[in-house]
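For reference, the structure discussed in these notes is given below.
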Amino acid sequence: MAEPRLGLRANAAQFTLLVGINALVGAMVGVERSVLPVLGEEEFGLASKAAVLSFVVAFGVAKALANLAAGTLASRVGRRRLLLLGWLFALPVAPMVALAPGWEWIVAANLLLGASQGLAWSMTVVMKVDLAGPARRGLALGLNESAGYLGVAAAALATGALAASFAPRTVVWVFAASFAVAGLVLTATLVRDTHAHVDVEERAAEPVQMETAPVLRACAQAGLVNNLNDALVWGLVPLYLASAGATVTEIGIVAALYPAVWAVGQVPAGWLSDQVGRKQPIVAGMLLQAAALGVLAATGGEPLQAAVAAALLGVGTALVYPTLLAAVSDASRPRERARAIGVYRFWRDSGFVAGALLAGLAADAAGTTAAITLVAVLTAASGLWVAGIAFGQTANERRVGWEST
């Protein structure tokens, strides 16, 4: 059997399939983003912001731990098997939401959803990096994350629009069931494992040309803070807008705009990081996120101004998200990469837990505006941390010895 080739062009069919599957992974989260927080207050009678955000805490804990497990098991069990397992965890989410007699069922469903996301999204990341090789790593991750967050945005927009005409809970479970079944069938029938591509890259890999520990620490904290502010946007901003008089449709538009801009921007951001290096896009993105949250806090939840803030936040996150993954991959040997990505994603998705707890408690104690302002300050500090770290070569500089793809 011929030795596999690395590169986007050489693996176009499998790469494109994995892009589509990750769009479905993202859509599983998107079905909740515009509807579930409001559902917690209106249908389940939750008065505390911290109680509403408990579903984000459950999601974040499960996803972080699943990321860690996925990174450790990927080489032993196989990427494809873990991707299948991720979709199996997703299957019960829809019936649990549909039949939930109390909020605790929603929290339990999000434990399963988080486990599903940790396994499935981690494997689409790792498999695309395996296929792409080192020359186009940033672009490959930009395409992966773009597809995932376009799925988030499209599902958030659709559920927000349909919830104005149909029962919101029904909209959530119907979409969730459809996406889970489609993802499972596509993975079972068409996806192939990528372990052979890892062996090819390992044999040709150059030594890592940087002090890796400070880079990995900087990436981990930036990822954690990035998802800390994402948890705030997911769980608190819909309530912030609703308190200012926004309709369900307006909330859905704002909830979708942020991941839509984030998604579209990740392809050029990933490409850019291959050209100029990882550090500059990360620093710029974190500082832009902080500025966007400052705008959001200053507007008082007025929908049009909140939409502007959401777009700015999306641009900042687009610069950061694929670039951090690429930086972690740069700092790892090919056979150690899945574990390194798993550890990074563990810390990054722990930000959902930290963000939900911090935002909920701060909002209950001092108000939603104060909670948003606090997270903005933390995000700016995170970007300044990265600014003080030396990163390695650009992808162009590492390309010696590799055929252009």
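Quick notes on this one:
- The lone criterion from (1) part of a helix (DSSP H, G or I); (2) among the small types (Gly, Ala, Ser); (3) farther than 28 Å from Asp193 by Cα left unmet by Ser165 is number (1).
- The listed residue being touching a residue at least 60 places away in the same chain (Cβ under 8 Å), touching a Phe, Trp or Tyr at 6+ places or on another chain (Cβ under 6 Å), part of a helix (DSSP H, G or I) and farther than 22 Å from Val267 by Cα, out of Ala115, Ala94: Ala94
- Only one of Ala204, Ala158, Ala218, Ala180 that is of a type in the set (Gly, Ala, Ser) and surrounded by fewer than 18 Cβ atoms within 10 Å (Cβ to Cβ): Ala204
- Segments classed as helices (runs of 4 or more DSSP H), wholly inside segment 235-350, with at least 3 members that are buried (at least 19 other Cβ atoms within 10 Å of the Cβ) and of a type in the set (Gly, Ala, Ser): 248-276, 279-299, 303-330
- Matching residues, segment 283-293, being under 28 Å from Ala363 (Cβ atoms) and either at pLDDT below 95 or among the aliphatic types (A, V, I, L, M) (or both): Met286, Leu287, Leu288, Ala290, Ala291, Ala292, Leu293
- Test: residue in segment 118-135 that is at positive phi, out of contact with any Lys or Arg (no Cβ under 6 Å at 6 or more places or on another chain), at pLDDT below 90 and outside any helix (DSSP H, G or I): yes
- Answer residue from segment 76-91, given it is assigned to a helix (DSSP H, G or I) and out of contact with any helix residue (DSSP H, G or I) (no Cβ under 6 Å at 6 or more places or on another chain) and is surrounded by the fewest Cβ atoms within 10 Å (Cβ to Cβ) among those: Arg76
The values are calculated or read from the model by the stated rules, or taken from the named source; none is laboratory data. Because the structure is predicted, anything quoted here is derived from the model rather than measured. Here Cβ is always computed from backbone atoms with ideal geometry, including for glycine, and neighbour counts include all displayed protein chains.
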